[in-house]
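Participant: This structure is in C-alpha cells; I'll ask about it shortly.
What follows draws every value from the coordinates through simple rules; no lab data is involved. Because the structure is predicted, anything quoted here is derived from the model rather than measured. Cβ coordinates were reconstructed from backbone atoms using ideal geometry, including for glycine residues, and neighbour counts include every protein chain displayed.
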Amino acid sequence: AVFSSTLGGVNRGDLITVTGTVDSYFNLFEINPVASFSTQSTGNTLPAAVVLSPNQFSENDESEIVTVNNCTFSSGGVFQGASNYTFTSNGQTGTLRISTSGNALVGQPIPTGAVNITGILSQYQTNYQLLPRDLNDIVNASNFFITTQPFVSNISQTGFDLNFTTNIL
C-alpha cells in the first residue's frame, strides 16, 4: 500500500516507481511517507483479479486486486466515506471499506441483491478489508435484475398492480 496526497494524478494502468519509508500501519505493510515517485508508463493492462472468498483473505494477497463473487450486504442505504460495510458471500462474512469521502461510491445506493465485488485487499489490525475503487468494482451477480424503482398502480379493494422494468425485455 502507498499513501500520499502527491499520488493524486496516478491513474489505473500507470506503472510507477515509488521511494519512501516502509512502515506497518495496524498490520498493513505500506510506504508512508512517500519521498518521490515517477511514472514509467501509462495505459498498461491491469493484472487479472484473484477470485477469493472472505475466508481466503490473507497476507499472501494483501494489496492485490481481488474479486469476491455472490456478495450480499447486511444493510441498506447509501455508501459513506470512512465507513465499513459487512457483506456475506456463500455463508462467509467479509468487510468492504469505503476509505475516503472522495471515493466514487460515496452517495451511491448499497446493492440490495447479489453482486460481485472487486477491490484492493487491505488490512486493519487483524481484519481484512476489500477496498473498491469506483462504481465499476461492484457488478450485479445475476443476469436478471430490476432496472427501475417499482411502483404500485390500479389500486382497488381486490388488488393492485406492481410495476417495474428488468434488464430482460
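Participant: Say we join alpha carbon atoms closer than 10 Å with springs in a Gaussian network model of the chain; which of G43, G91, G119 then has the biggest fluctuation?
Facilitator: Greatest mean-square fluctuation among the candidates belongs to G43.
Participant: Among T148, Q129, N69, pick out the residue whose Cα is farthest towards the positive end of the charge dipole of the chain, where Lys and Arg carry +1 and Asp and Glu carry -1 on C-beta, about the Cα centre.
Facilitator: About the Cα centre, the residue reaching furthest to the positive side is T148.
Participant: Taking the Cα centre of the stretch 22-169 as origin, sum charge times position over the Cβ atoms of Lys and Arg (+1) and Asp and Glu (-1), and report the length of that vector in debye to the nearest 20.
Facilitator: Charge dipole, the stretch 22-169, about its Cα centre: 320 debye, nearest 20.
Participant: From zero outward in steps of 5 Å, how is the percent of C-alpha pairs of the stretch 109-153 spread across the bins?
Facilitator: 5, 16, 21, 20, 15, 10, 6, 4, 2, 1, 0
Participant: Which whole-number percent is the relative contact order of the stretch 33-73 (Cα, under 8 Å, 6+ apart)?
Facilitator: Relative contact order comes out at 39 percent.
Participant: How much length, in nm to one decimal, is gained on full extension between D23 and Q80, taken as 0.36 nm per residue of separation minus their Cα-Cα distance?
Facilitator: In short, 17.8 nm is gained.
Participant: Percent of alpha carbon pairs in the stretch 16-115 separated by more than 22 Å?
Facilitator: Considering the stretch 16-115, 47 percent of its Cα-Cα pairs are separated by more than 22 Å.
Participant: Turning to a different aspect of this structure: Checking the a/c ratio against 1.5 first, then a/b against b/c, what shape does the Cα gyration tensor give for the stretch 1-63?
Facilitator: In terms of gyration-tensor shape, oblate.
Participant: Connecting C-alpha atoms closer than 10 Å in a GNM of the chain, tell me which of T21, T118, T67 has the biggest fluctuation.
Facilitator: Fluctuation is largest for T21.
Participant: Using all alpha carbons of the chain, what is the percent of pairwise distances in each 5 Å bin, ordered from the shortest bin to the longest?
Facilitator: Over the chain, the share of Cα pairs per 5 Å bin runs 2, 7, 14, 17, 17, 15, 10, 6, 4, 3, 2, 1, 1, 0, 0 percent.
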